[in-house]
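See structure below.
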Amino acid sequence: MEPESIEKSEPTGWASKAWALLSAVRSQSPLIQCITNFVSMDLMANTLLSAGASPAMIHSIVEIPDFTPHANALYINVGTLSPDWLPAMKAAAELACRTGKPWVLDPVAVGASGFRLRACLELVELKPTVIRGNASEVIALSKASVGPTKGVDSSHESTHAVDAAKSLSKASGAIVAVSGAVDIITDGELVVGAHNGVAMMQRITATGCSVTALIAAFVAVDPSHAFEATASALSVFGIAGEMGMKMANGPASLRMHLIDSLHGLDEADVLSRVNITGYR
Amino acid sequence: MEPESIEKSEPTGWASKAWALLSAVRSQSPLIQCITNFVSMDLMANTLLSAGASPAMIHSIVEIPDFTPHANALYINVGTLSPDWLPAMKAAAELACRTGKPWVLDPVAVGASGFRLRACLELVELKPTVIRGNASEVIALSKASVGPTKGVDSSHESTHAVDAAKSLSKASGAIVAVSGAVDIITDGELVVGAHNGVAMMQRITATGCSVTALIAAFVAVDPSHAFEATASALSVFGIAGEMGMKMANGPASLRMHLIDSLHGLDEADVLSRVNITGYR
Amino acid sequence: MEPESIEKSEPTGWASKAWALLSAVRSQSPLIQCITNFVSMDLMANTLLSAGASPAMIHSIVEIPDFTPHANALYINVGTLSPDWLPAMKAAAELACRTGKPWVLDPVAVGASGFRLRACLELVELKPTVIRGNASEVIALSKASVGPTKGVDSSHESTHAVDAAKSLSKASGAIVAVSGAVDIITDGELVVGAHNGVAMMQRITATGCSVTALIAAFVAVDPSHAFEATASALSVFGIAGEMGMKMANGPASLRMHLIDSLHGLDEADVLSRVNITGYR
């Protein structure tokens with residue numbers, strides 16, 4: 001679905017919401033359990049810490065009954081999935097689903113193999129609160145198809161995945177976010193676009209994984225408004241990228257300045273920069 | 001136990017000891033085998049390299065008989081523990097214990113689950129030379145209790161863990177260090193506080209894991225003075241943080257400047273900044 | 001073998017080749033499957049991304065039949081090897097060998113244990129296109145010997161491994177590269193030295209792993225000239241280090257500036273700096 005028209009939503013509405021959520025993360029420091037891939041653990045933990053949240057990379061199935069109940073949100077990312085990690089992911093998601101704890105799924109490279117696709121479809125059955133992927137991932141998950149893939153990088157534009165995202169959202173009950181030049185967020189009916197961020201963020205590994213962790217932190221502090229929390233987290237992370245880009249000379253310095261900026265964001269930065277628009 | 005009085009110890013004593021140990025690490029380049037968590041491997045290896053040591057992240061049980069005898073110290077960290085990693089940790093610790101090789105335990109989030117607590121208690125039986133944790137971890141390990149936890153972050157001040165640290169030290173025979181705003185180090189009787197460091201280091205993932213690796217390197221070059229080596233390593237890492245903080249704009253740039261500073265520390269930096277005081 | 005004489009090769013030949021290969025990586029964005037160690041995944045992925053390639057850290061044996069055929073090159077690195085990862089490495093290498101896909105082996109710390117040595121020898125049987133190690137690793141692999149080792153760091157100079165490299169190249173059919181102050185590259189007969197780089201790169205973890213990933217990307221875009229691609233990748237990575245060093249204050253800032261520089265390298269940088277000489 002191409003948007004019939006794009007109109008900037010009432011700025012203060014989204015901007016003040018985003019600021020309120022970031023402030024709540026900073027003051028409440030929600031505990032986010034991440035069962036994630038090996039590549040992203042470092043940047044993801046630093047993203048959560050710089051936003052004020054408390055990360056815990058605890059992945060063993062034997063610890064889930066004791067630990068997961070204490071987490072404020074759960075985040076599952078299949079980037080380096082193997083069969084021995086999947087049971088813990090399912091057990092944790094099942095516990096979250098059963099106890100009403102928000103949880104977020106990042107179906108990294110879901111189209112890379114039949115194993116990965118089936119694993120993600122099983123996880124989707126456990127009612128994630130939010131699913132965040134790039135366009136290729138959301139399309140593959142929505143169509144339940146394996147196909148030629150660019151690994152973890154998308155070969156589609158996010159705006160070409162709006163129909164797939166709405167369909168996946170309706171089928172799963174999850175908020176679905178498609179990141180890209182414009183981040184698309186939908187609850188199956190409403191669709192908004194978050195326009196913050198810079199292109200060079202795609203030249204840094206694990207930025208997608210890390211913004212999904214930030215979504216988990218935002219949802220943790222306002223679980224009854226997951227749509228707003230998801231759009232706000234994507235916008236805030238993009239703003240940190242925009243501000244970081246002013247000081248960056250390439251992807252590695254951008255990575256550093258992005259995290260510094262996320263840590264230092266103040267109300268004026270957020271209020272003046274949030275750029276979330278409705279699709280209608 | 002609250003300190004009855006805190007008095008700055010003879011500065012040149014601790015400062016010259018710390019400088020001598022750092023110099024020995026640089027000149028001897030001890031080989032430190034790390035069986036550690038996935039989150040911290042990158043920063044830990046870079047911490048050891050910048051201090052002049054030689055890290056080796058070798059964790060498979062099949063390699064322990066061939067490799068561990070060549071290491072100058074062993075470091076075990078349970079941050080992302082799973083049942084398949086525990087036997088190698090125990091085999092390596094047992095070999096170190098049997099052959100008199102110094103080894104250091106970081107009981108990350110020991111209170112997170114019964115599995116993790118039992119694993120750490122089994123490791124403590126294998127006579128670590130040093131145990132380093134935050135206050136919540138040292139209290140949980142000392143009391144052998146699982147409980148509500150803030151994941152890997154502490155919900156206690158280090159100075160509130162002095163009794164627990166002394167008790168754990170007496171029971172285990174290990175030097176026990178509690179990191180925090182003040183780092184507490186005890187051999188069960190003597191207690192000192194290392195006052196170096198900056199608060200923002202707690203907003204960088206794996207700084208606790210990494211300073212424990214530095215403790216292993218310091219102990220490797222002076223195994224018969226593990227108390228002094230532990231306090232010195234904590235102080236030196238804190239100094240690198242203080243110097244890095246002068247150039248930092250947030251946690252990510254602090255992480256970079258901390259490592260650069262650790263690499264560049266000279267005698268004047270160490271002699272003028274070491275701040276270790278006795279509790280008595 | 002010590003070189004009888006060293007003569008700078010025709011500069012424009014190597015330099016223009018290196019620039020052409022980097023340009024091809026940027027324009028084709030080859031998909032590089034990395035089955036690698038936990039320590040290096042972050043820097044390796046960022047190295048590939050900053051060079052314009054597309055990394056995929058997919059290591060599970062169940063995904064190899066679906067995913068590996070789509071990769072433009074395969075890279076296997078045994079840095080944190082364990083028995084449960086080896087079958088996937090062998091399956092992927094076997095598939096690459098059978099289908100004519102280029103693949104690159106990094107035998108990290110091959111002399112650390114009998115297990116690791118046997119694993120690497122089995123991988124060498126699967127006809128890697130390129131093998132890249134430090135001098136100690138190439139000597140150990142060439143002699144098929146386990147011995148006292150400095151972990152992952154070399155205790156030999158690269159120029160002392162020329163005979164071992166030629167012998168390993170002849171026995172395996174692979175291009176063999178020995179990194180060090182001078183990087184040695186041989187096809188078993190021809191030997192060249194790549195002189196780019198700075199010493200401080202050895203104080204950053206995973207630079208060796210990461211340059212090998214860059215070799216895989218260069219070979220992916222010109223698989224029929226693996227010798228030239230290997231020498232060019234080593235030279236280009238070294239140039240990024242040289243340029244990064246001008247802005248660095250220590251190993252952590254060098255790591256950042258190296259990646260930024262790799263991303264920003266232009267034709268003049270490459271043409272003026274490539275320093276590859278023939279041994280004859």
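A few comments on the model shown:
- Rg over Rh for chain A works out to 0.93, both radii taken from alpha-carbon positions and Rh defined as the Kirkwood radius.
- Solvent exposure of the stretch C:164-280 as accessible area per residue, Å², 1.4 Å probe: 29 Å²
- At 0.692 mPa s and 37 °C, Stokes D of the stretch B:67-143 from Kirkwood alpha-carbon radius, µm² per second: 265 µm²/s
- Chains C and A together bury roughly 2400 Å² of accessible area, counting both sides, with a 1.4 Å probe on protein heavy atoms only.
- The amide H of C:I131, built 1.01 Å from its N in the peptide plane, has C:L105, C:I175, C:V176, C:A177 as neighbours under 5 Å, considering only residues 5 or more places off or on other chains.
- Long-range amide H partners of B:N275 with built H, under 5 Å: B:H195, B:N196
- Distance (nanometres) between label positions extended 7 Å along Cα→Cβ at C:S272 and A:A20: 5.6 nm
- A full extension of the chain between A:L121 and A:E157 corresponds to an added length of 10.7 nm, given 0.36 nm per residue minus the alpha carbon distance.
- ³J(HN,Hα) computed for each position of the stretch C:52-68 - Karplus, 6.51 cos²θ - 1.76 cosθ + 1.60, integer Hz, glycine/proline x: x, 8, 10, x, 9, 8, 10, 10, 7, 4, 6, 9, 4, x, 7, 8, 4
- Cα centroid separation, the stretch C:153-176 to the stretch B:15-44 (Å): 30 Å
- Global geometry of the stretch B:13-61, whether rounded, prolate or oblate, following the gyration tensor of its Cα atoms and the 1.5 cut on a/c: prolate
- Residue by residue, the stretch B:80-89 carries 3J(HN,Hα) couplings of 10, 4, 9, x, 6, 8, 4, x, 5, 4 Hz when phi is fed to the Karplus relation 6.51 cos²θ - 1.76 cosθ + 1.60 (θ = phi - 60°); x denotes Gly or Pro.
- Accessible-area ranking of A:C209, C:C97, largest first, probe 1.4 Å: C:C97, A:C209
- Each principal axis of the Cα cloud of the stretch A:104-189 was taken in turn, and the coordinate range along them, longest first, works out to 29, 29, 18 Å.
- Length, then width, then depth: along the principal axes, the Cα atoms of the stretch B:133-280 run 40, 36, 26 Å.
- Solvent-accessible surface of the stretch A:1-127, taken per residue with a 1.4 Å probe and all protein chains present: 31 Å².
- Rounded to whole Hz, the Karplus (6.51, -1.76, 1.60) HN-Hα couplings of the stretch A:25-36, x for glycine and proline: 4, 5, 7, 8, 6, x, 8, 10, 7, 10, 10, 9
- Apolar share of the accessible surface for chain C: 53 percent from carbon plus sulfur atoms, 1.4 Å probe.
- Cross-link reach is defined here as a Cα-Cα straight distance under 17 Å, omitting same-chain residues fewer than 8 places apart; for A:K143 the aspartates and glutamates meeting it are A:D106, A:E122, A:E125, A:E157, A:D163.
- Copy-to-copy label distances for C:S224, where each label lies 7 Å from Cα along Cα-to-Cβ, are 6.8, 6.8 nm in order of increasing length.
- Of the beta bridges in chain A, as assigned by DSSP with both residues counted there, near 45 percent are antiparallel.
- The distance linking the stretch A:90-105 with the stretch B:225-246 is 41 Å (Cα centroid to Cα centroid, whole angstrom).
- Relative contact order for chain C, counting Cα pairs under 8 Å that sit 6 or more residues apart, in percent: 24 percent
- For C:L121, label point 7 Å along C-beta direction: distances to other copies, nm: 4.5, 4.5
- Ellipsoid semi-axes for the protein assembly as shown, based on the Cα gyration tensor and the rule √(5λ), read 37, 37, 25 Å when sorted largest first.
- Shortest-first distances to equivalent copies, position C:G100, nm, label 7 Å out along Cβ: 6.2, 6.2
- Theoretical FRET efficiency, 1/(1+(r/R0)^6), r = Cβ-Cβ of C:Q28 and B:E189, R0 51 Å, to 0.05: 0.15
- The stretch B:39-88 - convex hull of alpha carbons, volume per residue in Å³: 76 Å³
- At least 40 Å² accessible surface lost relative to isolated chain, residues of the stretch C:179-206 (1.4 Å probe): C:R203, C:T205
- Computed from the alpha carbon positions, the gyration tensor of the stretch C:1-130 leads to an equivalent ellipsoid with semi-axes of 27, 21, 14 Å, biggest first.
The values are calculated or read from the model by the stated rules, or taken from the named source; none is laboratory data. Bear in mind the structure is a predicted one, so any value in this text is a computation, not a measurement. No Cβ is skipped: glycine too gets one built from the backbone with ideal geometry, and neighbour counts run over all protein chains shown. With ligands, DNA and RNA removed, areas are computed over all heavy atoms of the protein, side chains included. Shrake-Rupley method; radii C 1.70, N 1.55, O 1.52, S 1.80 Å.
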